[in-house]
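Any read-out appearing in this document is the output of simple, stated calculations on the displayed coordinates, not a laboratory observation. Quantities reported herein were computed from a predicted structural model and do not represent experimental measurements. A quick note on method: Cβ atoms are made from the backbone with ideal geometry, for glycine too, and the neighbour counts reach across all protein chains shown.
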Amino acid sequence: MRKSFISGNIAIAEGAITAGMRFFAGYPITPASDIMEYLAERLPEIGGVVTQFEDEIASINAVVGASWAGVKSMTATSGPGFSLMLEALGLAVITETPLVVVDVMRAGPSTGVPTKTSQSDVMQVRYGAHGDYVIPVFAPWSAQEAYDLTIKAFNVAESLRTPVILLSDAVIAHLWESVLLAEPGEVEVINRKKPSSPPDEYLPYKPDNDLVPPMATFGEGYNVIVESLIHDERGFYRQDREAYRNLVKRIVNKVLSRVDSLFEVEAYYGDDYKYLLVSFGSTARSALAAARILRKSGIKASLLRLKTLSPLKLETLRKYCDEAEKIFVVENNMGKLVHDVERAAENDKVISLPLLDLEIPEPKDIVEGVRKWL
Amino acid sequence: MKIEILLVGRGGQGILLLGRVLGVAMSKYANLYVTGVESYASETRGGESRVDLIVSDKSEEMDYVKVLNADIALFMYPYNLVKYSEVLKRDAYVFINSTFVKEHPYTTQKVFMRPYNEVAEKVAGTSRVANMVALGHIIAKTGVQKAEYVEKALKEIISENLYDVNVKALRAGLELD
């Protein structure tokens, strides 16, 4: 391991490099731009390619293409750019293309406040594209976790053949922190399964028992087909209910069946509490400080921090919620994650604390919000 | 041990660089957990540049990323001095660049006022390294970090042809009373 003092955005870039990413396409947007800026210098040194395209639509489509060419690929953007990427994100879902999209959230809607932070893309990243699907979404709260979760994002993308979202925000992006970077071999790096059958027996969308089809790369002698229509195991268009159900259920279930390894939470003061704060990303840091302030004044508060926003394991959330008298969902938006917590807990216990701040929320604002209900 | 450091100046005074050097010295060489937040303005248009550094020897002490109770503060330019008194500990070390700041509202804190620009001009021939004079002064008076680690961090961050002039300024700061 190598210790460094880097920003959250650089940590994402370094995490992608550690995971084996060698193609990045993007269109600059604050507060995500310095990911591309940094990679533009770093990637060519190790045989990778960075390309700036004319917009976010072209960028993500290039990433889909590069992934099919056999290269681990990524793009990074913010809310407005992510909106443009949604169509191709659906393409990546149905074509089962491993890739990582970084969304560094800023205040919206639309162009909003470009340089200021937000957590308002929680719904967009999970549900923005049309059709039925589940995309894994990871949300770091520090530069170290930005690094670690980027590696995890690639490992999940490759092992499940799915797009994965890394959901950061403007605070994490420009936070400089001590980060341990791994040398090759020090962390697990997963690469996609290749077909083991001879080319004439290969069916590009025929899954193994793990619901994931081995992925052949163009130019390796296999017949490869990238089909956005509902298709069968051969990749041929089908419009019957059986093929439709087979494909969509498999695409959803290959993610949902891994919820145990995908869903990660961290509890602070989780052994003894009466009030539970639930939060994620940069806001969780303020929530932890708030829980400490509350505990100092004798109020038994704890924090449950979600590292994964999709898929959610409601049983895990329920376990923590059941122990609490009241649950405060602290997020820097108008209240989005709170709907999921409401599904996990008894409804009358859940209180939404939507902070809607342009800066990282101050702990005292959270403390005041909690105290009102005590 | 948790230390909160607030660094404030005008765009172009090298506040961000100062924060970066101190951050690298403390995280990479002194092996502490460090969080730094930057907010900045441009040199040509002016405006406030600010770095919040939170330092601890325990990772679990790291939470909120901005300074709420500064142990150490530096003001290179007279921006919001009264407002900042709300986030200074009663006995905080406060360093003030008297080249630009002529008076201050701090009554209980340990205040050091020195003309960092003039010192820089005198020892290094340019006031552009006034930030390093201030950094030297801070570490000498507070002991927050070893000069050796700061010099290592400088070497890592600053381009080779500018290293000498920066180290000269840093060392001059170390000697300030």
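Tabulated values for the structure
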{"item": "Over the protein assembly as shown, volume per residue of the alpha carbon convex hull, in Å³", "result": "157"}
{"item": "Peptide-level mean, for B:31-39, of C-beta atoms on other protein chains within 10 Å", "result": "5"}
{"item": "Alpha carbon centroid spacing (whole Å) that separates the range B:116-177 from the range A:129-155", "result": "41"}
{"item": "Relative contact order computed over the range B:7-163 (Cα-Cα under 8 Å; 6+ residues apart), in percent", "result": "21"}
{"item": "Whether the range A:1-84 is rounded, prolate or oblate, judged on the alpha carbon gyration tensor where a/c under 1.5 counts as rounded", "result": "oblate"}
{"item": "14 Å cut-off, amide nitrogen to a point 7 angstrom out along A:Glu266 Cα→Cβ, residues in the range A:310-347", "result": "none"}
{"item": "Where a label projected 7 Å from the Cα of B:Glu48 along Cα→Cβ would reach, residues of the range B:1-42 with amide N under 20 Å", "result": "B:4-20, B:36-42"}
{"item": "Loop-located GluC sites (Glu not before Pro) in the range B:76-145, at most 13 other Cβ atoms within 10 Å (DSSP)", "result": "B:Glu103"}
{"item": "Burial ordering of A:Trp141, A:Trp373, A:Trp68, fewest other beta-carbon atoms within 10 Å first", "result": "A:Trp373, A:Trp68, A:Trp141"}
{"item": "Eligible lysines near A:Lys296 by straight Cα distance, threshold 20 Å, same-chain separation 8 or greater", "result": "A:Lys274, A:Lys326, A:Lys364, A:Lys372, B:Lys2, B:Lys58, B:Lys66, B:Lys89"}
{"item": "Candidates per GluC sites (Glu not before Pro) in the range A:30-122, loop by DSSP, up to 10 other Cβ within 10 Å", "result": "A:Glu54"}
{"item": "Sequence-separation-based contact order of the range A:113-204, relative, with Cα cut under 8 Å and 6+ spacing, percent", "result": "30"}
{"item": "Of the GluC sites (Glu not before Pro) in the range A:138-221, those whose Cβ has at most 13 other Cβ within 10 Å and which sit in DSSP loop", "result": "A:Glu186, A:Glu188, A:Glu220"}
{"item": "Residues B:Leu32, A:Leu39 arranged by fewest to most Cβ contacts within 10 Å", "result": "B:Leu32, A:Leu39"}
{"item": "Residues A:His130, A:His339, B:His104, sorted so that the one with the fewest Cβ neighbours within 10 Å comes first", "result": "A:His130, A:His339, B:His104"}
{"item": "Contact order normalised by residue count of chain A, Cα under 8 Å, 6+ apart, percent", "result": "17"}
{"item": "Net charge of Cβ neighbours under 15 Å - reference B:Met113; Lys, Arg +1; Asp, Glu -1", "result": "+1"}
{"item": "Summed residue charge, Cβ within 9 Å of A:Glu359's Cβ, Lys/Arg positive, Asp/Glu negative", "result": "0"}
{"item": "Folded to 0 to 90 degrees: helix A:56-68 orientation relative to chain A principal axis, Cα", "result": "60"}
